[in-house]
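Bear in mind these aren't lab numbers, they're just calculated from the coordinates by the rules spelled out. Source: prediction; values computed, not measured. Backbone-built Cβ (ideal geometry, glycine too); neighbour counts: all protein chains shown.
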């Protein structure tokens with residue numbers, strides 16, 4: 001449901017849902033709700049070209065009380081995702097400076113990454129990064145912040161924080177999941193979002209868009225998986241050619257029979 005980018009954007013990219021968006025950002029970043037006075041939403045349109053794209057991601061940009069907040073949800077694993085996020089952050093940070101303005105006028109820029117795969121070697125589902133001096137741990141600037149929320153780890157490691165109701169909601173896939181969250185959450189905006197999700201699921205146009213996006217994302221996952229497997233096979237074939245692996249060892253590593261492996265790499269080893 002909400003994990004699908006087109007649904008997420010209809011909820012959190014909708015100008016009429018600012019109360020929900022403010023609650024979501026407040027709870028995810030653990031900042032006071034009353035500190036969010038104004039939200040301006042950019043790039044909210046869901047174009048046919050967006051629905052058609054396979055290798056794409058949700059990119060929702062908000063101006064929250066003079067802070068730039070970028071919310072990104074990524075379902076399929078992306079190569080070099082850390083570097084990709086840093087690149088996005090740098091673009092968002094620098095493009096806000098107008099000609100003739102001083103560097104001090106650059107806005108605090110916060111990237112929120114909600115990802116459906118494991119990225120860091122830790123148990124915690126929430127990782128927050130700042131720029132620190134390595135010995136004194138002095139913060140260079142408060143204008144840099146990148147958050148990662150790893151959905152796969154969420155069910156294993158909970159800290160009883162408000163953000164967890166939102167992450168539960170993003171992870172929800174069935175009506176039963178929604179009912180369980182609705183019965184336990186103390187956050188009114190989470191309940192409002194559940195009502196909205198039910199309304200969206202009853203909308204024929206939205207259902208068609210969601211079905212189409214799911215298909216495109218499955219295509220993306222399949223293409224990426226095939227590319228990774230082909231890369232592994234190429235490496236194993238090269239090691240066999242160099243005599244560093246026997247054909248049997250390479251086939252075992254690829255989880256194939258010798259004949260299957262030889263068929264994939266296109267040559268036989270005598």
Residue span residue 249 to residue 208: 0.36 nm per residue of separation minus Cα-Cα distance leaves a gain in nm of 10.1 nm
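In nm, what is the difference between 0.36 nm times the number of residues separating residue 130 and residue 95 and their Cα-Cα distance? Walk me through the intermediate numbers first.
Values: separation 35, 0.36 × 35 = 12.60 nm, distance 2.00 nm.
Extra length from residue 130 to residue 95 when fully extended: 10.6 nm.
Where the eigenvalues come from the Cα gyration tensor of region 5-189, what are the semi-axes √(5λ) of the equivalent ellipsoid, largest first, in whole Å?
On the way: eigenvalues 134, 84, 68 Å².
Its equivalent ellipsoid spans semi-axes of 26, 21, 18 Å.
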Tell me, rounded to the nearest percent, the portion of alpha carbon pairs in region 76-155 spaced more than 22 Å apart. 36
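If neighbour count is taken as other Cβ atoms inside 10 Å, put 73, 41, 181 in order from fewest to most. Each step should come with its number before you reach the end.
On the way: 73 24, 41 17, 181 20.
Final ranking by Cβ density, sparse to dense: 41, 181, 73.
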Take the Cβ-Cβ distance between residue 182 and residue 264 as r, set R0 to 45 Å, and report the resulting FRET efficiency rounded to the nearest 0.05. 0.35
Within 10 Å, count the other beta carbons around each residue, average over each peptide in 131-137, 257-263, 165-171, and list them highest first. 165-171, 257-263, 131-137
